[in-house]
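Read the structure below first, then the notes.
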Amino acid sequence: MPAVLFSLMLLGALCSLGESMSREEKSRLRNQVVEMFDHAYQNYMRKSDVDDALGKFSLTLIDTLDTLVLLNKTTEFEAAVRRVLKDVRLDNDIVVSVFETNIRVLGGLLGGHSMAMMLKDGGQNMQWYQDELLHMAKDLGLRLLPAFNTSSGLPYPRVNLRHGVRGPETRTGTETDTCTACAGTLILEFAALSRFTGDPVFEAHARRAMDFLWEKRQRNSNLVGTTINIHSGEWVHSGVGAGIDSYYEYLLKAYILLGDDQFLQRFNIHYASIMKYISQPPLLLDVHIHKPLLPARTWMDSLLAFFPGLQVLKGDIRPAIETHEMLYQVTKKHNFLPEAFTTDFRVHWAQHPLRPEFAESTYFLYKATGDPYYLEAGRTILDNLNRFARVPCGFAAMKDVRTGSHEDRMDSFFLAEMFKYLFLLFADDEDLPFDIEDYIFTTEAHLLPLSLSTTPHSQSIPSNRTSEEEMDDSNFEWTCPNTRLLFPDPAYPRHLREPIRTAVDKSCPRAAPYREPGMGRPPLRAQDFMANNPEHLELLRRMGVTLIHLKDGRVQLVQHATQAVSAVAAEDGVRFMQEMMELSSQQQKEQLPPRAIQIVSDPFFGRVVLTAGPAQFGIDLSKSATGLRGFVTVAEPYSGCSEITNPEYVRGHIALLQRGQCMFAEKARHIQKAGAIGGIVIDDNEGSSSDTAPLFQMAGDGRSTDDVTLPLLFLFHKEGNILLETLKEYREVEVLLSDKARDRATIFKGKPRPGSQIES
């Protein structure tokens with residue numbers, strides 16, 4: 001464990017034990033989950049007849065089938081099955097992901113079949129059902145089999161549902177690499193298909209792929225990589241997140257579903273290596289597979305949130321509690337788990353596509369500990385979904401967790417997984433239509449019956465037993481934990497969580513960079529450099545430093561010592577570049593988070609959120625509880641680089657300005673003198689967008705900017721055009737400048753809420 005993190009973990013503050021949640025409150029939250037599901041599902045059924053994502057299947061409908069049964073929506077389930085049988089056609093000339101089609105569509109059909117058979121056996125529902133979903137699942141399985149036509153047995157990552165992988169008409173079959181999870185997340189669905197149908201071919205192919213991954217593991221570390229060449233079996237780096245996550249999950253769950261000790265043996269060997277090299281509680285860091293003591297990257301992705309749940313199944317509760325608590329604190333910091341975040345818990349990738357893995361681990365930890373703390377974590381998930389992701393037509397993925405801006409998407413796994421785990425978290429046994437312990441969850445949370453382990457399967461499936469010298473009883477320890485032994489003290493989970501809260505919220509000071517004594521400063525200091533100063537550019541030229549303007553508006557510095565006017569000037573250039581790198585590194589550490597510009601006037605009422613860059617001067621919006629609200633107007637001159645000529649329009653308004661021709665602070669001073677209450681600078685680089693460009697911060701002008709007392713925000717060209725076009729169409733446009741997007745209740749507090757207009 002890094003010394004820095006360890007020192008932080010000693011600073012945890014004591015807090016009281018969580019009180020148990022009343023049955024009434026659990027019931028209220030459970031009903032809230034059902035209401036949220038209805039909001040998402042009914043809007044999907046009204047607005048999305050067919051998904052194009054995977055072969056024009058009704059993807060979300062198939063993915064949601066067993067969720068309907070779990071939530072006691074038997075009538076809706078029966079109608080959904082009939083609609084799938086009526087509308088879905090698999091004979092499409094389209095290339096699909098083998099991995100996604102397996103876990104979402106094949107898994108969804110098998111989960112639906114399991115639920116249909118359970119209901120039919122109950123004697124009241126689905127009496128007409130004659131294995132139609134299973135027949136459709138076998139048809140799909142046969143269409144996926146051509147992908148396994150490789151020398152290694154690992155499947156191609158993509159397949160054409162009509163033409164397979166051979167021939168020019170397939171438009172696939174040329175790929176050489178696949179992710180480990182893509183090849184190793186097939187055994188549950190394919191084995192279930194074999195045992196439901198009695199055809200061993202599916203299980204045989206999935207086992208062969210798993211065997212190849214095991215044989216190709218790095219023998220010194222016993223790790224597998226994230227990406228593998230399907231022909232040569234060469235690896236890249238290793239971890240437990242994206243690209244590799246469900247391979248480990250399926251090893252353990254294959255043992256649970258199929259009863260084959262070999263899968264448990266392999267999982268336990270891998271798990272020991274994960275805990276040795278990758279796990280640095282509460283962190284999980286990717287490492288280089290051939291040098292497992294060397295980290296491969298300094299950030300973690302949100303998919304690793306499944307791992308505490310897997311550790312619960314393994315019986316290793318302590319690290320599960322620690323990693324989950326780290327993820328919970330990051331969630332509370334940003335409302336959702338960013339798609340990726342750094343080891344000091346800053347946002348690396350700001351998107352959040354409504355992933356369910358954190359809810360999954362929360363459910364499993366509550367099942368293992370009975371600690372009401374995890375019910376409160378579930379309440380947090382519900383509240384954040386309703387406050388920040390709920391929209392009139394369902395729930396929208398977050399484009400940027402820092403600003404609250406949305407993407408126009410709601411992935412099928414949101415309905416398939418999120419609401420299952422949240423419902424189960426707040427449900428008692430009597431609330432469930434069947435015994436959940438009789439089923440195992442696939443990685444997409446589809447339900448497969450454990451009775452499949454006793455279903456006879458063909459002896460033609462090779463066993464590939466591990467050699468006796470590798471079989472060790474120690475690999476079977478703690479596979480079925482007794483939580484009474486793990487938790488003799490009810491405060492035990494709390495004591496593990498306490499220090500991690502501090503680790504997420506604080507950072508240790510770093511020592512100043514070493515500088516050799518006696519080394520002089522270059523004639524131009526990096527902190528004084530201004531890219532539009534001709535004298536500074538001439539000094540750069542003399543030092544052999546070239547300035548390059550990038551398309552996104554940034555500048556890049558490159559030094560060639562041979563182009564300096566003298567050896568002394570070249571040394572000055574080297575020191576200037578070192579100083580500039582130190583300054584850049586420091587600025588990145590001090591980087592301000594993005595801000596939000598929210599259009600709150602009719603007909604938007606806060607639904608349009610634009611991601612904006614902050615200024616390193618002026619009013620800090622993060623310290624304002626309400627932000628700044630006002631109408632926008634275009635300043636003249638548009639550059640804002642001289643005295644404003646239309647002060648009568650700018651006064652009391654938020655002025656729109658164009659980037660360029662002068663320093664940002666100079667623009668701010670001019671509009672402030674004209675009476676503006678705030679400013680928005682729009683990028684002049686056509687095509688720039690917050691989707692593709694890094695966050696832009698507006699720096700000062702090298703002198704004191706204490707005189708600037710208004711907020712100034714920056715919009716890239718794409719987002720700026722949205723605002724300008726809105727102003728052109730509606731003339732009166734009111735916006736809210738804030739540190740992050742606000743919900744309608746906050747925006748219209750004390751004012752009439754235009755709810756009926758929005759909902760319509």
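The values are calculated or read from the model by the stated rules, or taken from the named source; none is laboratory data. Note that the coordinates shown come from a computational prediction; the quantities given were computed from them, not determined experimentally. Don't worry about glycine lacking a Cβ; one is built from the backbone with ideal geometry, like all the others, and counts go over all protein chains shown. In case anyone asks, the SASA skips ligands and DNA or RNA and just uses the protein heavy atoms, side chains included. Shrake-Rupley method; radii C 1.70, N 1.55, O 1.52, S 1.80 Å.
General observations
- When every residue of segment 291-306 is checked against the conditions, at least one turns out to be within 22 Å of Pro356 (Cβ to Cβ), among the aromatic types (Phe, Trp, Tyr) and in contact with a strand residue (DSSP E or B) (Cβ under 6 Å, 6 or more places away or on another chain).
- Considering residues of segment 731-741 that are under 16 Å from Gly678 (Cβ atoms) and of a type in the set (D, E, K, R) only, the residue surrounded by the most Cβ atoms within 10 Å (Cβ to Cβ): Asp739
- Taking the conditions (1) at pLDDT below 95; (2) crowded, with 24+ Cβ neighbours inside 10 Å in turn, Val391 satisfies each one other than (2).
- The number of residues in segment 395-436 being among the basic types (Lys, Arg) and at pLDDT 95 or above comes to 1.
- Test result for Asp344, surrounded by 22 or more Cβ atoms within 10 Å (Cβ to Cβ), acidic (Asp, Glu) and at pLDDT below 95: no
- Set Lys728, Lys718: member being surrounded by fewer than 13 Cβ atoms within 10 Å (Cβ to Cβ), more than 19 Å from Ile677 (Cβ to Cβ) and either charged (D, E, K, R) or modelled with pLDDT under 95 (or both): Lys728
- Test: residue in segment 601-611 that is assigned to a loop (DSSP other than H, G, I, E, B), in contact with an Asp or Glu (Cβ under 7 Å, 6 or more places away or on another chain) and either of a type in the set (Lys, Arg) or modelled with pLDDT of 80 or more (or both): yes
- Scanning segment 681-701 finds no residues that are under 20 Å from Asp620 (Cβ atoms), open to solvent by less than 10 Å² (accessible area, probe 1.4 Å) and in a loop (DSSP other than H, G, I, E, B).
- Pairs, first at positive phi in segment 116-139, second open to solvent by 50 Å² or more (accessible area, probe 1.4 Å), C-beta under 6 Å, six or more apart: Met126/Lys120
- Breaking point among (1) without any contact (Cβ under 8 Å) to a residue 60 or more places away in the chain; (2) in contact with a helix residue (DSSP H, G or I) (Cβ under 9 Å, 6 or more places away or on another chain); (3) not in a loop (DSSP other than H, G, I, E, B), for Ile644: (3)
- You will find that of Ile321, Ile381, the residue that is open to solvent by 10 Å² or more (accessible area, probe 1.4 Å), hydrophobic (A, V, I, L, M, F, W, C) and out of contact with any strand residue (DSSP E or B) (no Cβ under 6 Å at 6 or more places or on another chain) is Ile381 and no other.
- Segment 186-231 - residue that is in a loop (DSSP other than H, G, I, E, B) and of a type in the set (Gly, Ala, Ser) and, of those, farthest from Glu444 (Cα to Cα): Ser221
- Hits in segment 173-198 (condition: touching a residue at least 40 places away in the same chain (Cβ under 8 Å), surrounded by fewer than 20 Cβ atoms within 10 Å (Cβ to Cβ) and more than 19 Å from Met117 (Cα to Cα)): Glu175, Thr176, Asp177
- Checking each residue of segment 87-98 against the condition of being within 29 Å of the chain's Cα centre (by Cα) and surrounded by 20 or more Cβ atoms within 10 Å (Cβ to Cβ) gives at least one match.
- Qualifying positions in segment 121-134 - more than 13 Å from Pro433 (Cβ to Cβ) and at pLDDT 95 or above: Gln127, Trp128, Tyr129, Gln130, Asp131, Glu132, Leu133, Leu134
- Restricting the search to strands (runs of 3 or more DSSP E) fully inside segment 233-346 and requiring at least 2 residues that are over 25 Å from Met418 (Cα atoms) and over 23 Å from the mean Cα position of the chain (by Cα) gives 291-295.
Yes/no per residue for (1) in contact (Cβ under 8 Å) with a residue 60 or more places away in the chain; (2) open to solvent by 30 Å² or more (accessible area, probe 1.4 Å); (3) of a type in the set (Lys, Arg):
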position	(1), (2), (3)
Leu592	yes, yes, no
Ala596	yes, no, no
Ser601	yes, no, no
Arg607	yes, yes, yes
Leu610	yes, no, no
Gln616	yes, yes, no
Glu636	no, yes, no
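- Residues that are modelled with pLDDT of 50 or more, in a loop (DSSP other than H, G, I, E, B) and under 30 Å from Val504 (Cβ atoms), drawn from segment 7-65: Gly18, Glu19, Ser20, Met21, Ser22
- A residue that is part of a helix (DSSP H, G or I) and closer than 30 Å to Ser22 by Cβ occurs nowhere in segment 442-453.
- The numbered conditions (1) touching a residue at least 24 places away in the same chain (Cβ under 8 Å); (2) within 16 Å of Gln32 (Cβ to Cβ) are all true for Tyr366 except (2).
- Filter result (touching a residue at least 40 places away in the same chain (Cβ under 8 Å) and surrounded by fewer than 21 Cβ atoms within 10 Å (Cβ to Cβ)) within segment 293-312: Ala296, Arg297, Thr298, Trp299
- Of all residues in segment 420-431, those satisfying the criterion of being touching a residue at least 40 places away in the same chain (Cβ under 8 Å) and either assigned to a helix (DSSP H, G or I) or buried (at least 16 other Cβ atoms within 10 Å of the Cβ) (or both) are Lys420, Tyr421, Leu422, Phe423, Leu424, Leu425, Phe426, Ala427, Asp431.
- Tally, over segment 119-138, of residues that are closer than 16 Å to Leu186 by Cα and open to solvent by 50 Å² or more (accessible area, probe 1.4 Å): 1
- Count - residues of segment 736-752 that are at pLDDT 85 or above, more than 18 Å from Asp383 (Cβ to Cβ) and assigned to a loop (DSSP other than H, G, I, E, B): 1
- Output for segment 224-238, where each listed residue is within 18 Å of Leu251 (Cβ to Cβ) and modelled with pLDDT under 85: Trp235, Ser238
- Filtered residue count, segment 347-370, keeping only those that are open to solvent by 20 Å² or more (accessible area, probe 1.4 Å) and within 11 Å of the chain's Cα centre (by Cα): 6
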